[in-house]
Amino acid sequence: MNLCNLEALVPQYVRQFEAYIPSPPDDELQQMFGCSRLVRMNNNENPLGPPPAAAAFLKTFDPALVSRYPSGDCRPLRAKLADYLGVTPPQVILGNGANEVIAFVIKAFCQQGDNIVTADRTFAVYEWIARFSGIDARLAPLDDFGFDEEGLLARVDSRTKLVFICNPNNPTGTWWSRDRLIRFMERLGPDHIVVLDEAYAEFMDQPDYPDGISLLSRFPNLIIFRTFSKMYALAGLRIGYLVGTEQVTDIVRKTAIVYSVNTLAQSAALAALGDQTFITATRSLVQEGQQMLAAQCAELKLPILTSDCNFAMIKLPFSDTLAYRLLMQQGYMVRTMTGFRFPGWIRVSMSNCDAMQGFCTALSRLVHSRTDQSPLARAYGVSL
Amino acid sequence: MKLSVELVPERMPVVVGFAETAAKAAGLDASAAAMLALSTEELFLALCNSIPGAAITVRLHDRRYAADLLFQVPQPPDLRIFNITSRPDHDTEEGLAEMGLFLASRACDQFSIRQMALGGWEIMLRKERSYPAPVQQSQPYLAVQTWQLTTTPAPDAVKQFSTLIADCYAACQFPEEFTPPGRLLDKLASNEYGLILAQGQQGELAGGLIWHAGEGRIVECFGPYLAAPAEPEQLSIALCEKLTEQFGRSSRQGLVLYAPQQPPAAAGFEAAGSLAIPGGTIWTGYRMLAEEFGADAAVAAELMPFYTDWCSSMALARNIRSYHDDGETGNGLTLFATRLNRQIGMARLTPLLVGRDAEAVLEEHLHLLDQEQFSAIYCTVDTGRPFDALLAPHLLHNGFSPLMLIPWGGTGDLILLQRNGGKR
Ligand SMILES: Cc1ncc(COP(=O)(O)O)c(C=O)c1O
């Protein structure tokens, strides 16, 4: 068939959009970079693996069940989530990862000519989905690494449907307090939806970190995102959700894809939810990792942004994409921050003690090799 | 402006008239418009011979600083006619069949041909506008202690910046022309170029960096040009970082920097080689924007030491295959795109197709460029296009040597070679 008119079929905003290329599998990368093992510290995953109950479920899962469709609207899981979060089941909508839920919301509220407002240096998917849907993404620069209330408000107009706030922010780990969030909601008013992305909420151990869900009765224009990918270590199963008022979720449900969350994901999430022992263990792993990394950066005189989240940002005195390649050769995969508009920074996910120690050594070797004057030191990647 | 026309010689006056009128409307002066018309005549006749009767469209793309005449043809013409060295011969029947673009390309600044994604070919002739000579400003430039960066400078500031380049930097320190001010303003107005400017509190000029996002995955950058080049490391870093930030979340893979002096490592650029251009050298740097996952690369044995050295110093993950000439026909024939900068005598050849006639076609090009007094001649080979490797021995044999590596500069990595002198 001659696809001569293919280009004419594609909307301009899709034509302009460049597809995201995810990283190849470990074995391919190891072969390319010549490393015998690869520690992924780029996706903010939980190195502990899923909570015990979820792991046990996965081990004993009856394969015969996969011939049947899952619950199309995740009914049992919604019931448990609603109970756990103190909302009603219709207030919860699940998706194939929080990423899919972002798309549900944008589709539900935006049409061409509308816009979304968010920060310039935050999780990219809000901006991406808006752009390839033909919706303008207006970006407010961060202020001192945090979301800037004034900048966001200045970009809001009558065609602004959604304001995305990543709280805490990926990749900076900064967050708005309850008071600050309330002040923002009051200033913004009820004419726009505010999406609070709380993908890392379970890591937060700060008294004035706001639980967005508790503010729903006061601000019915709020939508809260959460995910099982981060704290609950179910990233590979792809499951995330949103919570809003029933009025709002009744609308979002129209654009939500039914049956998109698979059986395994639903049941594993059901088993994992609310395991406080596991959450505590993860938090202490994160805290140890953050401390180790902060100490290493202090020694190397590298600025670092740490937080309660399971990642930290480090500023290097040379290119982050070069650092990425050199660290890959040593078997450590980090996230370069140029793509987040933070050139020269890398984001590192917290891992177990061994991996963190190995990473600290690799980082130290890297920094010395690029900053020491001796060409020999450079050539051999050591400090003389 | 667009013209649809059949490829028959009788239609030539219409096409030539269109080209001239459109070029003038786009602001080319009479002599430049006439040159473009002349090129059009040659090209049109060549096409009439190659694919007689075919329906084509001719379009003018006004780039402000230049006018592109674009010929879209539905099927591949005999590509040999597009080598700039093919001689036109109006006198004989056979000569007509070999009608070439010798004159066409001599009258133009850039000539290229590309296969379009959805079928058909597009041939481009570019003529640049001419501008009045820059006026020198003799007042001294001072270092500015605190500055702010802007990506949308006012026209007046742009003009000041162009004057600063003309005053403080030798022509050899910029492989592209950004002077006089009118040219820089027009380049910015084309939206292919951008300028990040640093200004003090009173708007006094501290420095700037120019970028050019053409087609492809690489953004070319020029600068930083500074009012007081001796001092401000921080300013260089800030300009380079701003630029990187600007393209960080884009589809571009990398930045190539042509710098009057090497910026500090914290600016994020890695040394990528240095180019000799008439009257001096330019430090070149590379900044990858994307995360590297590795790639396969096909490289001629002759370029292997250069390529492996650079891959190792730039920490590029490459599965390198040595590509041998086993007598294959490659792309069948050889075709170069050419980009000329007559002002400083620079020419860049890009192989579009490489076949068994590579040596002859290359030598014809070099002969012509020598005749035309081009003294800085570059050619690229692409490690993602295996047949390019067939060209490498002929390049080395003709006095080229590899100078610079641009990761992801083409389908794969681009090795830039420069001609040092005569044939070896
Ligand atoms: C802030 C933020 N929101 C959403 C997501 C997407 O999560 P999921 O894996 O559930 O699609 C991520 C994942 O990195 C994230 O960092």
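Can you tell me which residue among A:ALA312, A:ALA355 is more than 9 Å from every other protein chain (Cβ to nearest Cβ) and not in a helix (DSSP H, G or I)? It would help to see each step written out before you state the result.
Numbers: A:ALA355 fails: not in a helix (DSSP H, G or I).
When all the criteria are applied, what remains is A:ALA312.
Report whether or not B:ALA290 is without any contact (Cβ under 8 Å) to a residue 24 or more places away in the chain, more than 21 Å from B:LEU395 (Cβ to Cβ) and within 14 Å of chain A (Cβ to nearest Cβ).
Details: without any contact (Cβ under 8 Å) to a residue 24 or more places away in the chain: no; more than 21 Å from B:LEU395 (Cβ to Cβ): yes; within 14 Å of chain A (Cβ to nearest Cβ): yes.
Against the criterion (without any contact (Cβ under 8 Å) to a residue 24 or more places away in the chain, more than 21 Å from B:LEU395 (Cβ to Cβ) and within 14 Å of chain A (Cβ to nearest Cβ)), B:ALA290 does not qualify.
Could you grab me the full set of residues in segment A:20-77 that are in contact (Cβ under 8 Å) with a residue 24 or more places away in the chain and either among the acidic types (Asp, Glu) or in contact with a Pro (Cβ under 8 Å, 6 or more places away or on another chain) (or both)?
Listed by number, the residues that qualify are A:GLU45, A:LEU58, A:ASP73.
Just give me the residues in segment B:299-324 being surrounded by 17 or more Cβ atoms within 10 Å (Cβ to Cβ), within 13 Å of chain A (Cβ to nearest Cβ) and not in a helix (DSSP H, G or I), in sequence order.
Scanning segment B:299-324 gives B:MET314, B:ALA315, B:LEU316, B:ALA317, B:ARG318.
Tell me which residues, restricted to segment A:210-246, are part of a loop (DSSP other than H, G, I, E, B) and more than 15 Å from the ligand (Cβ to nearest atom).
Of segment A:210-246, the ones part of a loop (DSSP other than H, G, I, E, B) are A:210-211, A:216-221, A:228-234, A:238-239, A:244-245.
Scanning segment A:210-246 gives A:PRO210, A:ASP211, A:LEU216, A:SER217, A:ARG218, A:PHE219, A:PRO220, A:ASN221, A:GLY244, A:THR245.
Suppose we keep only residues that are crowded, with 18+ Cβ neighbours inside 10 Å and among the charged types (D, E, K, R) within segment A:195-209. Which one would you say is farthest from the ligand (Cβ to nearest atom)?
In the first step, residues of segment A:195-209 are kept if they are crowded, with 18+ Cβ neighbours inside 10 Å; the result is A:195-204, A:209.
Narrowing the set further to residues that are among the charged types (D, E, K, R) leaves A:197-198, A:202.
Working: A:ASP197: 5, A:GLU198: 8, A:GLU202: 13 Å.
Step by step, filter segment A:195-209, then rank; the result is A:GLU202.
Among the listed residues A:PRO90, A:PRO70, which satisfies the condition of being outside any loop (DSSP other than H, G, I, E, B), assigned by TED's automatic domain parsing to the domain that holds A:LEU152, away from the ligand (no atom under 14 Å from the Cβ) and more than 28 Å from A:ALA281 (Cβ to Cβ)? Steps first, answer last, please.
Working: A:PRO70 fails: outside any loop (DSSP other than H, G, I, E, B).
Among A:PRO90, A:PRO70, only A:PRO90 is outside any loop (DSSP other than H, G, I, E, B), assigned by TED's automatic domain parsing to the domain that holds A:LEU152, away from the ligand (no atom under 14 Å from the Cβ) and more than 28 Å from A:ALA281 (Cβ to Cβ).
Would you be able to say whether some residue in segment A:146-165 is within 14 Å of the ligand (Cβ to nearest atom), buried (at least 22 other Cβ atoms within 10 Å of the Cβ) and part of a strand (DSSP E or B)?
First pass over segment A:146-165, keeping only residues within 14 Å of the ligand (Cβ to nearest atom): A:147, A:164-165.
Imposing the further condition that a residue be buried (at least 22 other Cβ atoms within 10 Å of the Cβ) reduces the set to A:147, A:164-165.
Then drop every residue that is not part of a strand (DSSP E or B), which leaves A:164-165.
Yes, some residue in segment A:146-165 is within 14 Å of the ligand (Cβ to nearest atom), buried (at least 22 other Cβ atoms within 10 Å of the Cβ) and part of a strand (DSSP E or B).
Answer with yes or no whether A:SER284 is over 17 Å from A:CYS74 (Cβ atoms) and away from the ligand (no atom under 12 Å from the Cβ).
Values: over 17 Å from A:CYS74 (Cβ atoms): yes; away from the ligand (no atom under 12 Å from the Cβ): yes.
Judged against the criteria, A:SER284 is a match.
Would it be correct to say that B:SER251 is facing chain A (nearest Cβ under 8 Å), within 24 Å of the chain's Cα centre (by Cα) and either surrounded by fewer than 22 Cβ atoms within 10 Å (Cβ to Cβ) or acidic (Asp, Glu) (or both)? Give the steps one after another, and end with the answer.
On the way: facing chain A (nearest Cβ under 8 Å): yes; within 24 Å of the chain's Cα centre (by Cα): yes; either surrounded by fewer than 22 Cβ atoms within 10 Å (Cβ to Cβ) or acidic (Asp, Glu) (or both): yes.
So B:SER251 passes the test.
When you scan segment B:325-339, do you find a residue that is more than 14 Å from every other protein chain (Cβ to nearest Cβ), at pLDDT 90 or above and surrounded by 21 or more Cβ atoms within 10 Å (Cβ to Cβ), even just one?
Filtering segment B:325-339 down to residues more than 14 Å from every other protein chain (Cβ to nearest Cβ) leaves B:325-339.
Now drop any that are not at pLDDT 90 or above, which leaves none.
Looking for residues that are more than 14 Å from every other protein chain (Cβ to nearest Cβ), at pLDDT 90 or above and surrounded by 21 or more Cβ atoms within 10 Å (Cβ to Cβ), one finds none in segment B:325-339, hence no.
Cβ-Cβ under 7 Å, sequence separation 6+ or interchain: first residue in segment A:138-152 and outside the structural domain of A:VAL195 (by TED's automatic domain parsing), partner in a loop (DSSP other than H, G, I, E, B) and among the small types (Gly, Ala, Ser). Which pairs?
Note: no pairs meet the criteria.
Which of (1) modelled with pLDDT under 90; (2) touching a His at 6+ places or on another chain (Cβ under 9 Å) does B:ALA67 not meet, given it meets every other one?
For B:ALA67, the exception is condition (1).
Please find, among A:ALA235, A:ALA323, the residue that is modelled with pLDDT of 95 or more and away from chain B (no Cβ under 14 Å).
Numbers: A:ALA323 fails: away from chain B (no Cβ under 14 Å).
Among A:ALA235, A:ALA323, only A:ALA235 is modelled with pLDDT of 95 or more and away from chain B (no Cβ under 14 Å).
Would you confirm, using the coordinates I've provided, whether A:ALA140 is in contact with a Lys or Arg (Cβ under 7 Å, 6 or more places away or on another chain) and more than 16 Å from A:ILE102 (Cα to Cα)? Let's see the steps before the verdict.
Details: in contact with a Lys or Arg (Cβ under 7 Å, 6 or more places away or on another chain): yes; more than 16 Å from A:ILE102 (Cα to Cα): yes.
Yes, satisfied.
Go through (1) of a type in the set (Gly, Ala, Ser); (2) more than 16 Å from the ligand (Cβ to nearest atom); (3) touching a helix residue (DSSP H, G or I) at 6+ places or on another chain (Cβ under 7 Å); (4) within 28 Å of A:ILE193 (Cα to Cα) for A:GLY95 and report which single condition fails.
Just one mismatch for A:GLY95, condition (2).
Across segment A:326-338, which residue is nearest to A:PRO24 (Cα to Cα) among those that are more than 9 Å from chain B (Cβ to nearest Cβ) and surrounded by fewer than 24 Cβ atoms within 10 Å (Cβ to Cβ)?
Of everything passing the filter in segment A:326-338, A:GLY331 is nearest to A:PRO24 (Cα to Cα).
The values are calculated or read from the model by the stated rules, or taken from the named source; none is laboratory data. Quantities reported herein were computed from a predicted structural model and do not represent experimental measurements. Methodologically, a virtual Cβ is constructed for each residue, glycine included, from the backbone with ideal geometry; neighbour enumeration extends over all protein chains shown.
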